[in-house]
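Data first, discussion second: the structure below is written as structure tokens.
Read the figures in this text as sums done on the coordinates, not as results from a lab. Because the structure is a prediction, the values reported are computed rather than measured. For neighbour counting, all protein chains shown are included, and Cβ atoms are generated from backbone atoms with ideal geometry for every residue, glycine included.
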Amino acid sequence: MLAYVIRRVFQSVVVLLVVGLVAFSMFRFVGDPIENMLGQERTGADIQRLRTQLGLDRPFPVQYYRFLANAVQGDFGVSYRQGRPVASIIAERLPATLELAAVSGVMAIVVGVALGVFTAIRRDGMAAHTIMTLSLIGVSLPTFLIGILLIYLFSVELNWLPSFGRGDVVQIGWWRTGFLTESGLKALILPSITLGLYQMTLIMRLVRSEMLEVLRQDYIRFARARGLSDRVVHFRHALKNTLVPVITITGLQLGSIIAFAIITETVFQWPGVGLLFINAIQFVDIPVMASYLMLISVMFVGINLIVDLLYFAIDPRLRAERGTAEA
Amino acid sequence: MAEPVLSVRDLRVEIPTRHAVLCPVDGVTLDIAASQILGVVGESGAGKSMTGNAAIGLLDPPARIAGGEIVLNGKRIDNLSRERMRRIRGKEIGMVFQDPLTSLNPLLPIGEQLTETILEHLPLSRREAEQRALNALEEVGIPGAADRLDSYPHQFSGGMRQRVVIALALCAEPSLVIADEPTTALDVSVQAQIIALLKRLCRERGTAVMLITHDMGVIAEAADRVAVMYAGRLAELGTVREVLTAPSHPYTVGLMASTPLAAKGRKRLIQIPGSMPRLDKLPSGCAFHPRCPKVADRCRTDPGPTREACGGRAACWFAEQAA
Amino acid sequence: MTAAIARAWQSDFVWSFRHSPLAVVSFFVVLVLISGAVFAPLIASHDPFDPATLNLMNGFSEPMKPNAFTGEVFWLGTDDQGRDVYSTILYGMRISLFVGLSAVLFAMVLGVTLGLVAGYVGGWTGTVIMRIADVQLTFPAILVAMLIFGIAKGFTPVHLRDQMAIWVLILAIGLSDWVQFARVVRGATLVEKNKEYVQAARLAGRSAGGIMLRHILPNVMSPVLVIATISLALAIIVEATLSFLGVGAPPTQPSLGTLIRIGQGFLFSGEWWILLFPAATLLALALSVNLLGDWLRDVLNPRLR
């Protein structure tokens, strides 16, 4: 068990280092950082001073190391576009994205699992068929289109919900939350549906297909042969066995919610790190792009790692085979 | 004679398909008394498992009981509602499946699986149920049972797992146990142990047993009486001694001649030519007639002589009148 | 010839197609849309992105209503510059389809090549290739595409950025997608590599490249084609998304995604048609291609047979 954990952690660190290298290379080679930071009027002395300050005259590995060291301490450089430290820009905008992602994620899981179980148990009913057809649409539609349609319906036509922004936010320490105001909560509704819909349909279809598979198993038959009630069979036996593979895949999906937030934030002008990233690409603001990349990688790799270890902890069969299973 | 625990009369199971209605069980009639083990033997597809599934009410749709009746301890059970049948399952009829590895939920400790079954059917407290579970494990011969209540199925060997399955089938004290190929998935060395266990437990509790298998050796070892099935119909029914040493139905005769245990002395095993017909291509009259060495014209046209019609224990025009 | 068609008509594949109403409908929708794109220069009223054909006075015409100034009727209305929406959709689809197809082609060529090399040559090269693939797979394709677009944009001189955007987009989407081709081909190559015909070719003195290209490649192509079809559906959606976000096709050479982005700006001021029609077209395209892909996957899935 320990060997497995160590191996996974080592793999994660390697991936992070590779990503760090990519990010660093972006900094170093794309465009000229000096030019970007100093603008038109600059003297030779200015250039030389900045070069030394940024350490650009040192050998490549040294620069890479300094870059990583800085990053770990939270220094991500200075945005070309805004002239402020990237770290503080990200810190400002992160709560918005995290709140959105959390609400979407929870909604996707709860509704997804519930619908998945329902359509598996009552697989031949009208409701199940309707839901499955609708889910096909949910998977095929691009996220931004869903967002636009929702805006059209609920903001333009019905005027029930706001179509952009976060509403009023309350500052608690370093965090700005939209949970505590009515306008904040209203503003969360359409974006979280947009962001979570794709994940929800995926989870629902996954849970359904896994559960159908489980319900065909011999141990379910044997449970019925012992006279156990439907409720016990479905929720005690089948659900548990269904959720084990679902957890892995769901966990990985949730990581990508943070990335897909980029789209939703753009549609709704939601002031999070996703919108920040898009603007950075449009303006070729390398420090922001690279920092976002590293942040996302840490999240992804971290989530992957946690999910793997969780899977290990849940399935008693894996604990017996010490780390021989491939994820 | 005391009333039999299980009484099946003229059972007919149908499966409607796109092209035709298949009939995997047709006109099966048998009785099992308390403390008695009835073997149901036949090739794959002969309808043995279907008969067992019909008895316990676990036919997978679209298969359904289309005729006849099943009586358990004097009460009809084939026409009960889903809910009432569910209460009978486990409590009055227990079932043992073929593969112990897939029969047990891999994510639940076996103590749990035992306790939940006991709690479902017997009005006991949780403590009492757990004690019962422990007793059940000890009875089936699991060493160190107290420690193994928390173990998971994959932590047992194949033979031990099947013992656990038997414990599960018996823990609510049913009057009938249906064992569907209980030894087929086990090593030969373990098979004998499981059979012995089943025999002992059922004698001790007076449980009736329907032992479904394709292995004549198991029948010879364990059963008191045996029913031979062919293409969904009952070919022969009698005591093990009678059927194995002096079979009446030509199919049973052929079966004995092709089995090592019964062939004793013969140098070569004789195979019955041809193979059992598929359900959608059943021959007219007696289902066995295309392969039967004694076939006569009557066999081809008459819609299958039943055992009773022949007045004996075999469904064949040529069977002698047996007591 | 007719006998061959007759036989194909009877085959399982076509049978299941004919019996699946969704597949048939989707196929026709896709066919209509693709024809629209291909024949755009012939059936559009004008090339909406040629400034010479524009008349600003035509701007903001409502669909099917004669324009207040010029009296012209436009089926689907016009946008703020006087561009006929019907024509912009046709030309926009050209870009969408062109980028999608090119990107998949690029991904396929790159992925298959790397897969062949990784499988046949193996060793360090193979491991490196597959490790890179694994790392890339940790991230969603869209994110990778965005990143590559951003980096490539950084390398392009500012005045060329609009023109190069389409090509950068193809590069970005293609690079984000090669991994699945490489994996499948590598797996298949490992299997084929040990077969007799490969040994024979080696003994006959053929070069490694020759063997990979002429012997192994034809035998690993069938799963590749399945993946390619499904990839195409995804590529179209990824392109639309990127263009919508503003990091894709520029307004001077807009794809459907760009048109939707532009249209969103007019949503609240009442010119709903500038958004709705491109959106509806993309909807139809995305749904049909997805449904077709789903059906294809089911039909070609050996497990379900």
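Close amide H pairs (under 5 Å, H built 1.01 Å from N) link C:GLU72 with C:ASN67, residues at least 5 positions away or on another chain.
Order these peptides, C:279-287, A:73-81, by their mean beta-carbon neighbour count within 10 angstrom, highest first.
Values: C:279-287: 19.9, A:73-81: 17.8.
Final packing ranking: C:279-287, A:73-81.
With semi-axes defined as the square roots of five times the eigenvalues of the C-alpha gyration tensor, the equivalent ellipsoid of the stretch B:131-256 measures 32, 15, 11 Å, largest first. Between A:ALA91 and C:ALA52, the simple spin-label model (points 7 angstrom out along Cα→Cβ) gives 5.8 nm. Expressed as a fraction of 2.2 N^0.38 Å, the C-alpha radius of gyration for the stretch B:31-79 is 1.23. Amide H to amide H distances under 5 Å link A:TRP270 with A:GLY165, where only residues 5 or more positions off or on other chains count and H is placed in the peptide plane.
Could you calculate the FRET efficiency of A:LEU17 with C:PHE69 from 1/(1 + (r/R0)^6), where r is the beta carbon distance between them and R0 is 45 Å, rounded to 0.05?
Numbers: r = 63 Å, r/R0 = 1.41.
Efficiency computed from Cβ-Cβ geometry: 0.10.
The lysines within cross-link reach of C:LYS193, meaning a Cα-to-Cα straight distance under 29 Å and a gap of 8 or more places when in the same chain, come to none at all. Between C:PHE39 and A:GLU213, what is the FRET efficiency for a Förster distance of 51 Å, r being their Cβ-Cβ separation, to the nearest 0.05? According to the calculation, E is roughly 0.60.
Counting GluC sites (Glu not before Pro) as exposed when in a DSSP loop with at most 15 other beta carbons within 10 Å, what is the longest stretch of chain A free of them?
Numbers: sites that count: A:GLU41, A:GLU321, A:GLU326.
Answer from the scan: A:42-320.
The dipole here belongs to chain B: it is taken about the Cα centre, uses +1 on the Cβ of Lys and Arg and -1 on the Cβ of Asp and Glu, and is about 760 debye. Each label was represented as a point 7 Å from its Cα along the Cα-to-Cβ direction; for C:VAL191 and B:VAL21 these points are 4.5 nm apart. If a paramagnetic tag sat 7 Å from the Cα of C:ARG214 along the Cα-Cβ line, which residues of the stretch C:191-208 would have the backbone N under 16 Å from that point? C:197-208, by backbone N distance to the label point. Taking all Cα-Cα distances within chain C, those exceeding 36 Å account for 31%.
Relative contact order for chain C: 22 percent, from Cα pairs under 8 Å spaced at least 6 residues apart, divided by residue count.
Rg over Rh for the stretch C:230-300 works out to 1.08, both radii taken from alpha-carbon positions and Rh defined as the Kirkwood radius.
Compare A:ASP285, A:ASP124, A:ASP308 in a GNM of chain A, Cα atoms joined below 10 Å, and give the one with the largest fluctuation. Of A:ASP285, A:ASP124, A:ASP308, the Gaussian network model singles out A:ASP124 as fluctuating most. Of the residues C:GLY270, C:GLY209, C:GLY59, the one that moves most in a GNM of chain C with alpha-carbon contacts below 10 Å is C:GLY270. Among the trypsin sites (Lys or Arg not before Pro) in the stretch A:210-279, those located in a DSSP loop and surrounded by at most 11 other Cβ atoms within 10 Å of their own Cβ are A:ARG216. Taking amide H as placed 1.01 Å from N in the peptide plane, the amide H of B:TYR230 sits under 5 Å from that of B:ALA235, each at least 5 places away or on another chain. Derived scalar couplings between HN and Hα for the stretch B:82-93 equal 3, 5, 5, 5, 4, 6, 6, 4, x, 7, 10, 10 Hz in order, rounded to whole Hz, by the Karplus curve 6.51 cos²θ - 1.76 cosθ + 1.60 (θ = phi - 60°), x for Gly and Pro. Averaged over the residues of peptide A:137-146, the number of Cβ atoms from other protein chains lying within 10 Å of each residue's Cβ is 6.
Under the √(5λ) rule applied to the eigenvalues of the Cα gyration tensor, what semi-axes describe the equivalent ellipsoid of chain B? Give them in Å, descending.
After diagonalising the Cα gyration tensor, the semi-axes are 36, 22, 17 Å.
Quick one: Debye curve from the alpha-carbon atoms of the protein assembly as shown only, equal weights, vacuum; give me log10 I(q)/I(0) at q = 0.04, 0.06, 0.07, 0.10 Å⁻¹ to two decimals. Computed log10 I(q)/I(0) values: -0.29, -0.63, -0.80, -1.22. Residues of the stretch A:75-94 falling in the label zone of A:LEU50, defined by backbone nitrogen less than 19 Å from a point 7 Å along Cα to beta-carbon, are A:76-87.
Measure up B:LYS199/B:LYS281; B:LYS48/B:LYS199; B:LYS48/B:LYS75; A:LYS186/C:LYS153; A:LYS240/B:LYS75; B:LYS199/B:LYS294 against 28 Å on the Cα-Cα distance and list the ones that go over. Display every interim value, and only then the final one.
Numbers: B:LYS199/B:LYS281 38 Å; B:LYS48/B:LYS199 20 Å; B:LYS48/B:LYS75 23 Å; A:LYS186/C:LYS153 37 Å; A:LYS240/B:LYS75 37 Å; B:LYS199/B:LYS294 37 Å.
Violating the 28 Å Cα-Cα cut-off are B:LYS199/B:LYS281; A:LYS186/C:LYS153; A:LYS240/B:LYS75; B:LYS199/B:LYS294.
Full extension of the segment from A:SER183 to A:LEU153, taken as 0.36 nm per residue of separation minus the current Cα-Cα distance, would add 8.9 nm. Note on B:ALA192 and B:ALA66: the extension gain reaches 41.6 nm, defined as 0.36 nm multiplied by sequence separation minus the Cα-Cα distance. For the segment C:144-151, counting C-beta atoms of other chains within 10 Å of every residue's C-beta and taking the mean gives 6. Any chance you could check the Cα centroid distance between the stretch C:148-205 and the stretch A:118-155 for me, in angstrom? About 35 Å separates the Cα centre of the stretch C:148-205 from the one of the stretch A:118-155. Per-peptide packing, taken as the mean over residues of other Cβ atoms within 10 Å, places A:101-110, A:162-171, B:119-128 in the sequence A:101-110, A:162-171, B:119-128 from highest down.
Given a cut-off of under 8 Å on Cα pairs at least six residues apart, what relative contact order in percent is computed for chain A? Mind showing how you got there, number by number?
On the way: 352 pairs, mean separation 84.5, N = 327.
Once divided by the residue count of chain A, the mean separation gives 26 percent.
For A:ARG7 and C:ALA200, what is the calculated FRET efficiency with R₀ set at 35 Å and r taken between the beta-carbons, to the nearest 0.05? Taking R0 as 35 Å, the efficiency between A:ARG7 and C:ALA200 is 0.30.
The phi-based Karplus calculation (6.51 cos²θ - 1.76 cosθ + 1.60; θ = phi - 60°) puts the 3J(HN,Hα) values of the stretch B:169-183 at 5, 9, 5, 8, 6, x, 8, 9, 10, 9, 10, 9, 6, x, 10 Hz, whole numbers, x for Gly and Pro. Taking the centroid of alpha carbons for each part, the stretch B:150-171 and the stretch A:179-223 are 35 Å apart. Overall, the anisotropy analysis places chain A in the oblate class: the square-rooted eigenvalues a ≥ b ≥ c of its C-alpha gyration tensor yield a/c not less than 1.5, with a/b not exceeding b/c. Largest GNM mean-square fluctuation among A:PHE268, A:PHE235, A:PHE24, using chain A with Cα springs under 10 Å: A:PHE235.
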